[in-house]
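Asker: Quick one: the structure is below, and I'll ask about it shortly.
The values are calculated or read from the model by the stated rules, or taken from the named source; none is laboratory data. Bear in mind that the values here come from a model prediction, so they are computed numbers and not experimental data. Cβ placement follows ideal geometry from the backbone for every residue including glycine, while neighbour counts extend to all protein chains displayed.
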Ligand code: OGA
Ligand code: MN
């Protein structure tokens, strides 16, 4: 199997063009089907014990904050073959983004996330202008036959007007990428178990503006 067969120039041009003009991009054929299936099997077979309650902030500022978000997460590890394949894929994606967009991304970190029925993540930004080093946020979903009534949509807000500009069902195979500093977003309360991988491309210093 060629893991990277889907990483072709046409797809990259589509992504970078859309990121440049709109700041976010929603795709249904980003990962190849075999890798999507392997990741889905892996995330759905993780034990409850494998997940940690998600928190806000990093390192010393870290705190579990269950009024803002109630999902559970687990970082991917390059020691696990399936995780390693996804990390390798995203590393190829990073190189292409750097080639096309000159973003100077150096790192990608990502975790599996599980939203149990009733879980949500209120409106937030993944990075703050001028200080954070998260540049691009990504989300990949693993939930077959998602219905509108199941909730769990990712809502993306317009940076200035505050209007909802996108409502995305976390349907199996859907991949979303957006500029971390620009777009407030939220996860509507989910009525079903909802599985995903959320990740961030980073640069090694704050953006100077
Ligand atoms: C996050 C996040 C969105 C989603 O984890 O920061 O916004 O759709 N996730 O899971
Ligand atoms: Mn977020």
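Asker: Restricting to the stretch 132-154, count the residues that are more than 16 Å from residue 25 (Cβ to Cβ) and within 16 Å of ligand 2 (Cβ to nearest atom).
Answerer: Total satisfying the criteria: 5.
Asker: Does residue 167 qualify as being within 16 Å of ligand 2 (Cβ to nearest atom), more than 15 Å from residue 134 (Cα to Cα), crowded, with 18+ Cβ neighbours inside 10 Å and over 13 Å from the mean Cα position of the chain (by Cα)?
Answerer: Taking the combined requirement at face value, the residue does not satisfy it.
Asker: Then there is this: Take the residues in the stretch 20-57 that are part of a loop (DSSP other than H, G, I, E, B) and closer than 19 Å to residue 123 by Cβ; name whichever of them is modelled with the lowest pLDDT.
Answerer: Among residues in the stretch 20-57 that are part of a loop (DSSP other than H, G, I, E, B) and closer than 19 Å to residue 123 by Cβ, the one modelled with the lowest pLDDT is 57.
Asker: Further, regarding this structure: Restricting to the stretch 58-76, give me the number of residues that are loosely packed, with under 12 Cβ neighbours inside 10 Å, at pLDDT below 65 and either assigned to a loop (DSSP other than H, G, I, E, B) or out of contact with any strand residue (DSSP E or B) (no Cβ under 7 Å at 6 or more places or on another chain) (or both).
Answerer: 5
Asker: From the list 159, 184, which residue is more than 18 Å from the chain's Cα centre (by Cα) and within 15 Å of ligand 2 (Cβ to nearest atom)?
Answerer: 159
Asker: Out of 166, 181, 171, report the one residue that is modelled with pLDDT under 95 and touching a strand residue (DSSP E or B) at 6+ places or on another chain (Cβ under 9 Å). Don't jump to the end; show me each part of the working.
Answerer: On the way: 166 fails: modelled with pLDDT under 95; 171 fails: modelled with pLDDT under 95.
Result of the check over 166, 181, 171: 181.
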